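Asks: There's a structure below that I have some questions on.
The values are calculated or read from the model by the stated rules, or taken from the named source; none is laboratory data. Everything numeric in this text was worked out from a predicted model, so none of it was measured. Counting neighbours? That spans all protein chains shown, and the Cβs are built from the backbone with ideal geometry, glycine included.
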Amino acid sequence: EESDYYLQFSKNKITFEGVSKSKLTNVFFDESNTQVFSIKSGDFTEVIVKSPNPSFCKKFKIEEKGRVISIKFSPDKSILALQRTQTAVEFLTFSDGNVSKEFTETFKGCTLLGYIWAGKTEVVFVSDSGIKLCKVDVNTGSVHTVKNLSLTINWFTYYSPVCLILLNVGVPHGNSMQLLQIKQNQILKLAKFDVDCDSGVNKLKKNAIAERDVALGVVYNQPRILLMNYQTVNTGVQTEVIVYTIIKLAAVKKTNVLRIHQSGRFALNLVDNLIIVHNQLMKSSLVFDITDAEFQGVVIYHLPVIEPKTIKPFDEEQPPSSSATQKFCELYSPNWIMFQPNIVMDVKAGCLWTLELILMGFYKYIEDKKELVKFLLLRSNSKFIIARTLSSLMDEGGGRLEELAEIFDQINIVYKNYLEQSMKSQIGLPPSMSKPDDDPVVEFRTVIDQSFIYTYVFCKLAERVYNEANKKQSRLLSWTLLEYIRSLADLQIPAQHFLYELLINCLVLTDSYYQLHQLLQYHGVADSKPLACLLLSLENVYPAAPQLALDMLERLGTAKEEISEILLSKGEVLSSLRYATSHAGPHDRIIPSKYLEIARQTGDDKLYRCLLKHFESKSHYRNGT
């Protein structure tokens, strides 16, 4: 079953020709453009480009000049940059699918580690002696230096959504890192820092930080650096993930440690603000949420949200039909490469997937429902799973009422924040002034409003209650509704009239008229015209309801005409006339014919003559009919 897993691969995978044993086919992935390049060597170099975006897919041939070690298109896909050696980068432009222009940028006295497209014509070259921002001029076939920064660089990693480059600098195999940002034709030096590595037995020995053990990404709108730290302990090697938070693009601070308590070969992904740690040896994945934490000094330590589990196995129809290819399409294959945030590529099988959450898996395995809702409120597309959680608690009976009350508070605190932010944005406050300081992740929380709870939780139970005429379930629904309304009131959120209508109907169904009277008499429900109309309809089963409805309309102060009409409909002609006369405004007209007609229908001649005489004496009869 799907609910037995927490993670799955997307249905829309990208297939490509994988790496071949003969090494005639090589594969590259460009994270910035989400493009897979399959490069086949021969008389000509054939390049096949695949992407989730069909317009980014291409196929072309270029001259065979040796093995390619890096290949990327510019952001607008107009220029192709290609690296074959550590001393040069080739630039190619195309016309009608063929190479129209070709020129080369060479490097002397340094080793080129790689390059990054920072704009349509801006490219950043990273070498062991520094970093250089250049402008590519296609017309002249030349590259001009815009900015140059001298540094001793061992390796680098780049995260394109926020244009951050993380460099490992200084002595080889060292722990010093330099963070840069490429912005508006500038190379901005943000922070230099040393990372902690191996806090185990031999603290004097510094472990080298490998590029494969570092990931850049954004979690809860904050840029983060994730570092796999292999700890040496008496029993062997255990691993933890150290999270460094980049604060306001100015400082880097060690903020979180994810405790894995496993050994193996690890890789990282980010899915829906969760950090996923894959263990290739154990063939399982761990899920961490850095909002759920225990403080230990200045750093927060985390355990997995839930027990480790494997990714959901491939669907039967997903792997290609040939048995040879199926052999390679295995979970946690040694041929897997992870890219941020949520991309998994099997370079040998020729498949690329995006990783997704299965929220039903968390619903099934997180037993503490308060913790489950707290977790789900921070996930996208979780509203219906939260509704299912509430419904399951209600189905278990009144014993879970206290738990439901606490969950309603969790939900409504988020709802209140949303209402406040909406109001502030309407009056034009800047975003920084509209976010509550005590909840840094408020913008990610799922908002569940009264209408959604009413439609997908309360009404579904009410439908069963009415169909089965189950008074016990109806009482439970009444109690739960009261708790939800109480939660709204505690947070000063006005409850909508449809909640009160459902509550009143439940009380009537269980003949709880005393409780209903108390609720109305002491203003336990908010006054509204729809609610007053509902009370009027209950006259046959609850004789006191019409008077309570009239009192409610009177308190509203905007229902003079309705009150007069209600009294008339009940045959209380004199009461209606007295009310209309005493509450008439300067522009209100009292129509005598309406009152006379109702009086005639009563068959009370004395009443009719009395009204006729009244209108004549007030001159209403002559002027108003």
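Asks: Yes or no: region 363-375 includes at least one residue that is modelled with pLDDT of 90 or more, of a type in the set (Ser, Thr, Tyr) and assigned to a helix (DSSP H, G or I).
Replies: yes
Asks: Identify all residues within region 436-492 that are at pLDDT below 90, surrounded by 19 or more Cβ atoms within 10 Å (Cβ to Cβ), within 15 Å of Ser392 (Cα to Cα) and of a type outside the set (A, V, I, L, M, F, W, C); write none if there are none.
Replies: Once the filter is applied, which keeps residues that are at pLDDT below 90, surrounded by 19 or more Cβ atoms within 10 Å (Cβ to Cβ), within 15 Å of Ser392 (Cα to Cα) and of a type outside the set (A, V, I, L, M, F, W, C), region 436-492 yields only Gln473.
Asks: Also, quick follow-up: Quick one: how many residues across region 214-230 are touching a residue at least 40 places away in the same chain (Cβ under 8 Å), of a type outside the set (Ser, Thr, Tyr) and more than 10 Å from Ile246 (Cα to Cα)?
Replies: Selection size over region 214-230: 8.
Asks: Take the conditions charged (D, E, K, R) and touching a residue at least 40 places away in the same chain (Cβ under 8 Å) and apply them to Glu122. Does it pass?
Replies: The answer is yes for Glu122.
Asks: Based on what the data block shows, is Ser10 touching a residue at least 60 places away in the same chain (Cβ under 8 Å), surrounded by fewer than 19 Cβ atoms within 10 Å (Cβ to Cβ) and within 30 Å of Thr152 (Cβ to Cβ)?
Replies: Details: touching a residue at least 60 places away in the same chain (Cβ under 8 Å): yes; surrounded by fewer than 19 Cβ atoms within 10 Å (Cβ to Cβ): yes; within 30 Å of Thr152 (Cβ to Cβ): no.
Spelling it out, it is not the case that Ser10 is touching a residue at least 60 places away in the same chain (Cβ under 8 Å), surrounded by fewer than 19 Cβ atoms within 10 Å (Cβ to Cβ) and within 30 Å of Thr152 (Cβ to Cβ).
Asks: Further question: Out of the residues in region 79-98 that are part of a loop (DSSP other than H, G, I, E, B) and modelled with pLDDT of 90 or more, state the one that is nearest to the chain's Cα centre (by Cα).
Replies: Gln86
Asks: What helices (runs of 4 or more DSSP H) completely inside region 444-539 contain at least 2 residues that are more than 23 Å from Val373 (Cβ to Cβ)?
Replies: Per the criteria, 459-468, 471-490, 497-509, 513-521, 529-537.
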